[in-house]
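S.K.: Sharing a structure below in structure tokens format, with a few things to ask.
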Amino acid sequence: MALHWWQRAVFYQIYPRSFADSNGDGIGDLDGVTAHLDYLESLGIDAIWLNPINPSPLDDWGYDVSDYCGIHPDLGDLAAFDRLVADAHRRGIRVIVDLVPNHTSNQHPWFVESRASRSNPKRDWYIWVPGSPDRPPNNWQSTFSGSAWKYDPTTASWYLHMFLEQQPDLNYRNPRVVEAMHDVIRFWLERGADGFRIDVIAGLIKDAELRDNPARAVTDPDIPWHSKGTQDPLHSHDRPEVHDVIREFRRVSDSYEQRILVGETWPREHERLADFLRPDELQLAFNFRFLLARYDASRFRAAIEQTERSFGPGAWPTWTLSNHDFPRHISRYSRDGDGEARARVAAMMLFALRGTPFIYYGEEIGMRDAAIPADRKRDPVGRDGCRSPMQWTDAPNGGFSTSANTWLPCGDFKAVNVARQLNDPHSMLALYGRLIQLRKSTPALVEGSYRAFEGAPEDCLVFRRDTPQQHIVVALNFTAEPRAIAIPAGKILLSTLPDRSNVAKSSLMLEPNEGVIVMLDAKITG
Ligand code: GLC
């Protein structure tokens, strides 16, 4: 089946400040990533996504860009980026970078100019509303907290910031802003980047009249962000016009070969995710309903089946369990159960679903969130725990850095590290390696159709992946008790538990928190 490279690929997200420090300053860097490409290659990774690498005052750790076409000096320079891309490409590993188009840093020269006077040529690059300091222009809330407006006395006007006040929103109704961002896209594609993960993609266009947002009418426990905010971002986010901006980004990206756009997509309603994946828009979009699902078969089933139902043949799913914005899934799943066993089941789900899996660095060794003492906190909204240094060995700083001071504290690298797991066939790392290899050697796991398996217990997630030649059942027991599942005869290709015998009888008995991938002897009819 003719799939694109990004449909077959396993992606690996790297938080560059925390992956590997090559120069001993306590901060990970691009040369550190290059030095570990062997590791990624042997794990079977096809593409990496780098969190923001641009110069930035780091109010939001790089999501506040002050120069779109440079490299933050902590991380290296353009030559280091070129070395990374060249070495990765030599191994057949693609590199995508983070594009943060919704807002800049307030120290970006564009904003410095824009705020200087009402008549500055860059004034209209941001969203300004003249007024008095006592009343913001509307009721929009910042994603982080409080009003999304900041009063600037220099010109007696408010500017919009949907995140921190140091992150003013650009105005995509201004064609010059659109053109400037196209230039940024071209800059990185010319340099060999294979595409972008695009930050806050659904938010790029705001209501032309800046109307008040209505109160949120429904709270849906299956969609965690619905139970959080009290406001429906009707006029500030996921506007119909945003699709025109995305189409233009895609047109620029398609003028280079084989590049991709991956959206950080928070649609207002989850059903609208597929709208971003039309043939002339994004190739991939993160599925946050899946990422944020509690460890519960019915939550995952709902997220997966809704995706399968709404996507249609043109849109391709993306599956992710963790990223740099939320507690790691192994830590979340540990709150009310055996996080390690659950994370193994979740990994099997991740690689066996129909769609492109993204791994967050360290999840392949079962890294947990690090404890961050109050005086070591760096992130203004408390996301440091999941951004701690990669745990390579049991040496000081987990082998991440030779510095006495790492930028964030390390987690428990004595217990959990790459070196220790490399030689342990029962480790999380070994399981990830096997899952990736199995996926690559089993066409049904990549190309096969997805179908729910009828008749399985509700608290298990059981599904089929079929091609004309191969028939697979993936059976995942989300409970802490054994579960029997009646499946046709076949052979167990892999279990999340070590030492499982490999023949499936007509009834499969799953151990507590066990997942298996079974190759059936014959097609299930019906
Ligand atoms: C995205 C990023 C997050 C950042 C925010 C503002 O959600 O993933 O880390 O803080 O955008 O750019």
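S.K.: So which helices (runs of 4 or more DSSP H) stay within region 400-502 end to end and still have 3 or more residues that are touching a helix residue (DSSP H, G or I) at 6+ places or on another chain (Cβ under 8 Å)? Working first, answer last.
M.R.: Values: elements: 418-422, 428-441, 443-447.
The helices (runs of 4 or more DSSP H) meeting that bar are 418-422, 428-441.
S.K.: Let me confirm something: among TRP128, TRP140, which residue is aromatic (Phe, Trp, Tyr) and touching a strand residue (DSSP E or B) at 6+ places or on another chain (Cβ under 6 Å)? Before the answer, list the steps.
M.R.: Working: TRP140 fails: touching a strand residue (DSSP E or B) at 6+ places or on another chain (Cβ under 6 Å).
Selected residue: TRP128, the only one of TRP128, TRP140 that is aromatic (Phe, Trp, Tyr) and touching a strand residue (DSSP E or B) at 6+ places or on another chain (Cβ under 6 Å).
S.K.: Considering each of THR496, THR525, THR467 in turn, give the residue that is within 27 Å of the chain's Cα centre (by Cα) and either crowded, with 21+ Cβ neighbours inside 10 Å or of a type outside the set (Gly, Ala, Ser) (or both). Working first, answer last.
M.R.: Details: THR525 fails: within 27 Å of the chain's Cα centre (by Cα); THR467 fails: within 27 Å of the chain's Cα centre (by Cα).
Within the list THR496, THR525, THR467, the selection yields THR496.
S.K.: Considering each of HIS89, HIS72 in turn, give the residue that is exposed (fewer than 15 other Cβ atoms within 10 Å of the Cβ) and not polar (S, T, N, Q). Spell out the reasoning first.
M.R.: Values: HIS72 fails: exposed (fewer than 15 other Cβ atoms within 10 Å of the Cβ).
The unique qualifying residue is HIS89.
S.K.: Please count how many residues of region 420-445 are farther than 30 Å from THR467 by Cβ and surrounded by fewer than 16 Cβ atoms within 10 Å (Cβ to Cβ). Quick ask: steps written out before the conclusion?
M.R.: Taking region 420-445 first, the residues farther than 30 Å from THR467 by Cβ are 420-424, 426-427.
Then keep just the ones that are surrounded by fewer than 16 Cβ atoms within 10 Å (Cβ to Cβ); that gives 422-424, 426.
Looking only at that region, the number is 4.
S.K.: Another question about this same structure. Restricting attention to region 356-399, which residues are more than 16 Å from the ligand (Cβ to nearest atom), outside any loop (DSSP other than H, G, I, E, B), under 30 Å from LEU3 (Cβ atoms) and not aliphatic (A, V, I, L, M)?
M.R.: Scanning region 356-399 gives THR356, PRO357, GLU363, GLU364.
S.K.: Also, quick follow-up: Within region 299-340, take every residue that is hydrophobic (A, V, I, L, M, F, W, C) and within 16 Å of the ligand (Cβ to nearest atom) and give me the one that is modelled with the highest pLDDT. Break it down stepwise before answering.
M.R.: First pass over region 299-340, keeping only residues hydrophobic (A, V, I, L, M, F, W, C): 300, 302-304, 311, 315-316, 319, 321, 326, 330.
Then drop every residue that is not within 16 Å of the ligand (Cβ to nearest atom), which leaves 321, 326.
On the way: LEU321: 98, PHE326: 95.
Taking the candidates together, the pick is LEU321.
S.K.: A further question follows. With (1) among the basic types (Lys, Arg); (2) more than 16 Å from the ligand (Cβ to nearest atom); (3) under 26 Å from PHE286 (Cα atoms) as the list, and ARG176 as the residue in question, which single condition is left unmet?
M.R.: Going through the list (1) among the basic types (Lys, Arg); (2) more than 16 Å from the ligand (Cβ to nearest atom); (3) under 26 Å from PHE286 (Cα atoms), ARG176 breaks only (3).
S.K.: Need pairs with beta-carbon distance below 7 Å; first residue assigned by TED's automatic domain parsing to the domain that holds LEU189 and within region 248-261, second surrounded by fewer than 17 Cβ atoms within 10 Å (Cβ to Cβ) and assigned to a loop (DSSP other than H, G, I, E, B); sequence gap 6+ or separate chains.
M.R.: Here the result reads ARG250/ASP280, each pair linking region 248-261 to a residue that is surrounded by fewer than 17 Cβ atoms within 10 Å (Cβ to Cβ) and assigned to a loop (DSSP other than H, G, I, E, B).
S.K.: Would you mind telling me which numbered condition in (1) crowded, with 21+ Cβ neighbours inside 10 Å; (2) in a loop (DSSP other than H, G, I, E, B) ALA303 fails?
M.R.: (2)
S.K.: Tell me yes or no: at least one residue of region 253-271 is surrounded by 19 or more Cβ atoms within 10 Å (Cβ to Cβ) and of a type in the set (Lys, Arg).
M.R.: Within region 253-271 (the criterion being surrounded by 19 or more Cβ atoms within 10 Å (Cβ to Cβ) and of a type in the set (Lys, Arg)), the answer is yes, since at least one residue qualifies.
S.K.: Looking only at region 367-386, how many residues end up being touching a residue at least 60 places away in the same chain (Cβ under 8 Å) and crowded, with 24+ Cβ neighbours inside 10 Å? Spell out how you get there, then give the answer.
M.R.: Of region 367-386, the ones touching a residue at least 60 places away in the same chain (Cβ under 8 Å) are 378-381, 386.
With the extra rule that they be crowded, with 24+ Cβ neighbours inside 10 Å, the set shrinks to 386.
Qualifying residue count for the region: 1.
S.K.: Would you mind stating whether SER114 is surrounded by fewer than 13 Cβ atoms within 10 Å (Cβ to Cβ) and either more than 28 Å from ALA202 (Cα to Cα) or not β-branched (Val, Ile, Thr) (or both)? Give the steps one after another, and end with the answer.
M.R.: Details: surrounded by fewer than 13 Cβ atoms within 10 Å (Cβ to Cβ): no; either more than 28 Å from ALA202 (Cα to Cα) or not β-branched (Val, Ile, Thr) (or both): yes.
No: the conditions fail for SER114.
S.K.: If you don't mind, there's one more thing I want to ask. For LEU37, only one of the following conditions fails: (1) within 16 Å of the ligand (Cβ to nearest atom); (2) within 22 Å of ILE359 (Cβ to Cβ). What is its number?
M.R.: Unmet for LEU37, out of (1) within 16 Å of the ligand (Cβ to nearest atom); (2) within 22 Å of ILE359 (Cβ to Cβ): (1).
S.K.: Here's another thing I want to ask about it. Can you list the strands (runs of 3 or more DSSP E) lying wholly within region 53-172 that have 3 or more residues being within 16 Å of the ligand (Cβ to nearest atom) and modelled with pLDDT of 95 or more? I'd like the intermediate steps shown before the answer.
M.R.: Numbers: elements: 94-99, 128-130, 149-152, 157-160.
Where strands (runs of 3 or more DSSP E) fall fully within region 53-172 and carry at least 3 residues being within 16 Å of the ligand (Cβ to nearest atom) and modelled with pLDDT of 95 or more, they are 94-99.
S.K.: Which residue out of ARG344, ARG289 is modelled with pLDDT of 95 or more, on the phi < 0 side of the Ramachandran plot and either surrounded by 21 or more Cβ atoms within 10 Å (Cβ to Cβ) or not in a loop (DSSP other than H, G, I, E, B) (or both)? Break it down into steps so the answer makes sense when it comes.
M.R.: Numbers: ARG289 fails: modelled with pLDDT of 95 or more.
Of ARG344, ARG289, the one residue that is modelled with pLDDT of 95 or more, on the phi < 0 side of the Ramachandran plot and either surrounded by 21 or more Cβ atoms within 10 Å (Cβ to Cβ) or not in a loop (DSSP other than H, G, I, E, B) (or both) is ARG344.
S.K.: Cβ-Cβ under 9 Å, sequence separation 6+ or interchain: first residue in region 167-185 and polar (S, T, N, Q), partner assigned to a helix (DSSP H, G or I). Which pairs?
M.R.: Taking only residues 6 or more apart or on different chains, the pairs are ASN171/ASP124; ASN171/TRP125; ASN171/VAL177; ASN174/ASP124; ASN174/TRP125.
S.K.: Quick one: in region 37-51, of everything that is in contact (Cβ under 8 Å) with a residue 60 or more places away in the chain and part of a loop (DSSP other than H, G, I, E, B), which residue is nearest to the chain's Cα centre (by Cα)?
M.R.: ASN51
S.K.: So which of ASP183, ASP212 ends up being over 15 Å from ARG259 (Cβ atoms), away from the ligand (no atom under 16 Å from the Cβ) and assigned to a loop (DSSP other than H, G, I, E, B)? Lay out the reasoning, then the answer.
M.R.: Working: ASP183 fails: assigned to a loop (DSSP other than H, G, I, E, B).
Of the residues listed, the single one that is over 15 Å from ARG259 (Cβ atoms), away from the ligand (no atom under 16 Å from the Cβ) and assigned to a loop (DSSP other than H, G, I, E, B) is ASP212.
The values are calculated or read from the model by the stated rules, or taken from the named source; none is laboratory data. Just so it is clear, the structure is predicted and the values come from calculations on it, not from any experiment. In this analysis, Cβ positions are derived from the backbone assuming ideal geometry, glycine residues included, and neighbour counts consider all displayed protein chains.
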